[in-house]
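The block underneath contains the structure these notes are about, expressed in structure tokens.
Computed from the coordinates by the stated procedures, all read-outs in this text should not be read as laboratory data. Because the structure is a prediction, the values reported are computed rather than measured. Neighbour counts run over all protein chains shown; Cβ positions are idealised from the backbone, glycine included.
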Amino acid sequence: MKLNLKKSLTFLVSLGLCLLSLSGCANNGEKSSTDALAENKPLTDKWGIYINVSDSQQFVKEQLDVAHKIGLKFVRIPVDQLPLGKDYQNKTKLVEYAIHYAEAKKMTPVVNFTGGVPGNYDQTAYVDFIAGVKHDINKFIRQNANLGIVWEAWNEPNGAFWTNDNRHDVNSSSVINEWVAMNNSIQKFVQQYDPKATFINGDLEGPPIKTAKFINAIRDSSGYKETKAISFHPYLSKTVKNGKPEQLLSEFPQYSMETPYLVTEFGYSVPYNSETYEQRLGIWTYQQQAAYLSRSVFIMDMLKMPLFTLFNTSNKKVNYGVESNGALNPAGKMLLHIRRELKGYHLSERVSVSDHNVYVLKYKKAFCSDKLVYWSANDEKNKVNLKGRELTATMAPKIMKTNSLLWKFMVCLSILVIISTGILWVVKVGHRGKRNSRY
């Protein structure tokens with residue numbers, strides 16, 4: 001009787017442990033990583049999005065609420081250095097509101113510094129102006145240290161600001177030296193006031209394959225040894241392969257200690273009547289934006305980037321958004337679908353199939369069904385056979401389970417029954433040994 005009771009208790013404990021472990025899948029209970037650049041994180045611990053800091057707290061809140069609803073881990077927040085004076089002070093108050101609200105929503109701020117075009121100053125006025133900008137950046141970092149912020153360099157230094165709207169050659173040593181010196185200063189301020197924070201250098205317009213000269217200048221700078229990564233904005237043109245995101249695989253090496261390359265801006269413009277209607281790279285349909293932006297998420301995961309942020313949240317300011325007035329468009333809904341299906345999942349492998357235009361990725365999560373993500377890189381409907389199962393790939397990624405949770409439960413339960421039986425056999429043999437020793 002005692003042995004049967006022990007057997008029952010052991011079995012019930014085993015069953016409880018099995019159910020408890022499986023409940024982590026049903027509740028998406030995997031704990032998020034707190035290290036911004038930790039490798040081997042789940043997909044949903046890597047991604048983020050840019051927000052527009054302007055107009056009002058309500059507008060900023062709308063965007064952050066959308067980012068939180070989608071389940072994004074990072075929010076990229078710009079500190080606009082222009083204009084100086086009272087307007088700048090008002091802007092930074094809005095930035096600080098965004099930082100604190102994001103953190104209240106358990107999202108990590110990625111803060112970078114930016115500006116328009118300084119104006120064609122003479123040398124004395126220009127030097128004084130840059131000194132003023134550095135002073136303001138120093139003050140902002142000092143006042144917002146120890147908040148868990150990921151700090152990023154000056155936004156797109158190989159763009160309009162440092163060339164004074166292309167009055168100077170972007171490739172000239174004097175221009176490169178100016179923005180490298182600014183980024184060195186930002187890095188020093190972070191090291192001085194927020195030494196435990198992550199600093200990302202670069203913030204370059206274009207991919208690594210097209211910015212080698214600027215990468216070398218960063219690597220040769222004094223601030224590089226404290227740099228954790230280099231970021232890029234590799235926007236694609238509609239005139240080249242319709243801007244399909246698979247091109248990123250040939251423009252970026254896999255993330256590593258030697259090539260710690262991240263994406264902190266990437267997106268597709270849509271036909272929305274924004275305050276700034278951006279169309280120099282092309283205009284995509286809402287369905288193309290949804291398909292390409294979601295495919296880019298998986299591409300950047302394939303490149304093993306531990307952090308990447310998309311552009312951007314709201315369509316109000318510029319027509320790259322995933323929402324308007326708080327309502328998700330098709331791209332926003334697709335990102336939300338990815339989070340619901342793959343929260344806590346890690347990329348395991350790219351599965352080989354007969355058609356090179358079809359991408360099939362396997363994602364895994366402990367005690368959960370494996371899932372396949374698949375799409376057609378040529379935007380056409382393509383059918384492939386995978387272990388007797390026919391998959392129909394289309395422009396937009398699809399997500400499906402490869403085995404049932406019930407099957408995993410039965411395997412888990414079988415293993416625990418075997419273990420329980422083994423323990424009971426050892427206990428039984430022990431009891432026999434004790435009885436025999438009495439005689």
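The Kirkwood hydrodynamic radius of the range 49-207, based on inverse pair distances between different Cα atoms, is 16.3 Å. Full extension of the chain segment joining HIS337 with GLU390 gains 16.8 nm, where the gain is 0.36 nm per residue of separation less the Cα-Cα distance. When a/c reaches 1.5 or more, the comparison of a/b and b/c decides; with that in mind, is the range 37-87 rounded, prolate or oblate per its Cα gyration tensor? It comes out oblate by the Cα gyration axes. Close Lys pairs in the range 38-145 (alpha-carbon distance under 19 Å; sequence gap of 8 or more, or different chains): 23. Highest mean first, the peptides 125-137, 54-66 sorted by other C-beta atoms within 10 Å per residue fall in the order 54-66, 125-137. Bridging of LYS343 to aspartates and glutamates at a Cα separation below 19 Å is possible for GLU30, ASP35, GLU39, ASP45, ASP65, ASP301, ASP370, once same-chain residues fewer than 8 apart are set aside. Taking packing as the residue-averaged number of other Cβ atoms within 10 angstrom, the listed peptides 172-179, 250-257 run from highest to lowest as 172-179, 250-257.
Once you keep just the Cα pairs under 8 angstrom separated by 6 or more residues, what percentage relative contact order results for the range 316-369? In percent, rounded to a whole number, it is 23. Looking at the square roots a ≥ b ≥ c of the eigenvalues of the Cα gyration tensor of the range 327-389, which shape do they give, rounded for a/c under 1.5, prolate if a/b is larger than b/c, or oblate? Taking the square roots of the gyration eigenvalues as a ≥ b ≥ c, the range 327-389 is oblate.
If packing is taken as the average count of other Cβ atoms within 10 Å, what order do 345-351, 186-192 fall into, highest mean first? Could you put the intermediate results ahead of the total?
On the way: 345-351: 16.6, 186-192: 18.7.
Result, highest mean first: 186-192, 345-351.
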